[in-house]
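Report on the structure given below.
All of the numbers you see were taken from the coordinates with simple rules; none came from a lab. All figures in this text were calculated on a predicted structure; none of them were measured in a lab. Here the Cβ positions follow ideal geometry from the backbone for every residue, glycine too, while neighbour counts run over all protein chains shown.
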Amino acid sequence: MSQRVTIAVPESLFVRLQPVKQRFNISALCQEALEMAITIEELKTQVAEDENLVQRLQSEK
């Protein structure tokens, strides 16, 4: 099931969007952008956790 989310965009972006919005699936674009941003943050978290593990193992060695 999908959940609705409201986003706010700057007026200048909204104005630029108007002439071309029929060419886009705005929902799909936002979903893709969110997916990429979340994946990047998850990867950053995983890298930090891995680095902490390496440091801990090195100090225990």
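What to note about this one:
- Distance between the pseudo-spin-label points of Val54 and Cys30 (7 Å out from Cα toward the beta carbon): 3.9 nm.
- 20 Å reach of a label modelled at Ser12, 7 Å along Cα-to-Cβ, counting backbone N of the stretch 19-42: 19-21
- Value of Rg/Rh across the chain [Cα atoms, Kirkwood radius]: 1.29
- In this label model, Gln22 and Lys61 are separated by 6.4 nm, measuring between points 7 Å along each Cα→Cβ vector.
- Over the chain: helical MRE at 222 nm, DSSP H runs n ≥ 4 each giving -39500 (n - 2.57), nearest 500: -24000 deg cm²/dmol
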